[in-house]
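One structure below.
Just so you know, all these numbers are worked out from the coordinates, no wet-lab data involved. Quick caveat, the model's predicted, so the values are computed rather than measured. Don't worry about glycine lacking a Cβ; one is built from the backbone with ideal geometry, like all the others, and counts go over all protein chains shown.
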Amino acid sequence: MALKNVAQGSFEEIVLDDGFYVLKIQNESPDIQRVRREIDNSFIQFHFCLKGSGKFVFNEGRYALEVNDENSLLLYNPQIDLPLNLELQSDSWLVSVVMTIRNFHALFSKEADYIHFLTAENRDKKYYAQENISPAMAIILSQVINFNLHPSVKELYIRAKVYELMSLYFNRNVDADAENCPFLVDEDNVRRIRQAKEIIISQMSEPPSLKELAQQIGLPLKKLKEGFKQIYGDPVYTFLFEYKMDYARKMLESGQYNVNEVGHRVGYSTASHFITAFKKKYGTTPKKYLMSLTNT
């Protein structure tokens, strides 16, 4: 295990096996923390952003992928090396699981038919995927970040948490169409679908229809719907509902807005409609949620 303090941040590498390690990167400083590490094309990478945001830079700065609060990024390209070149924003935490594709195959040796890109015909293809981090996964990542155990059991503990994390990561696609691997979307489609996500978020109070959205990003409606669910795990408007509710919750927690203002900001014309939606998501009304925060 290697621990390196970087200003008000830290970088720790925990080796679990030959070609299998975990990186814990925390940036508590006011500045961007830059982390670089060589990773060749035999490795598959899972990056989990627990809070804040980071940017992975490739091809000497000509291409970049962002990962934000409560999101993850999967990277694998057997054709070229994908060295770690990370720019981690202030007040951000990132956990990365990096292993050779051989080690990864070993994890799923009995489930190769379920994890579609493990099959022989797909093993030489590249995969990029962005996924939300579920609450259960967030708990595991927090445990990885904050563990305080005797050094003799740290490696065993982290290994167990990584296995648990991988189980939950792939369990999210249990209902996916078997003919549509969530990682087999070409790069141009990924770019367009990411653009669709940015459009609906920026216009969440008055989002476009699916047909309008498909026209804006230049994809057939069917490809938009299938691709969006493959990459983000939910249909477009389910994803938008989840995003709006999370955004509303954070606005309420800030203490700067009342219920009417929050509802209007996320696109509800009346307070009653917003209250109904909030209760559907969180099981309580916005007012009671605020009261619980006050009591806490």
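Here are some notes:
- Near the amide H of Gly233, within less than 5 Å, lie no amide hydrogens of residues on another chain or at least 5 residues away, with H placed in the peptide plane.
- If you take the Cα centroid of the stretch 209-276 and the Cα centroid of the stretch 14-44, the two points sit 33 Å apart.
- Annotation for the stretch 227-275: chymotrypsin sites (Phe, Trp or Tyr not before Pro) lying in DSSP loop with at most 16 further Cβ atoms inside 10 Å of their Cβ are Tyr257.
- The phi-based Karplus calculation (6.51 cos²θ - 1.76 cosθ + 1.60; θ = phi - 60°) puts the 3J(HN,Hα) values of the stretch 96-108 at 10, 10, 10, 8, 5, 4, 5, 4, 5, 4, 5, 4, 10 Hz, whole numbers, x for Gly and Pro.
- For the stretch 132-163, the set of chymotrypsin sites (Phe, Trp or Tyr not before Pro) satisfying both a DSSP loop assignment and a count of at most 15 other C-beta atoms within 10 Å is given as Phe147.
- For Tyr128, the residues 5 or more places off, or on other chains, whose built amide H falls under 5 Å of its own are Val185.
- Vicinal HN-Hα couplings computed from phi for the stretch 209-220 (Karplus, 6.51 cos²θ - 1.76 cosθ + 1.60; Hz; Gly/Pro x): 5, 4, 5, 5, 5, 4, 5, 5, 9, x, 10, x
- Here Lys281 is the anchor, and the lysines within straight C-alpha reach of less than 21 Å, apart from those fewer than 8 places off in the same chain, are Lys197, Lys229, Lys244, Lys250.
- About its Cα centre, the stretch 11-90 has a charge dipole of approximately 200 debye under the convention of +1 per Lys or Arg Cβ and -1 per Asp or Glu Cβ, with nothing else charged.
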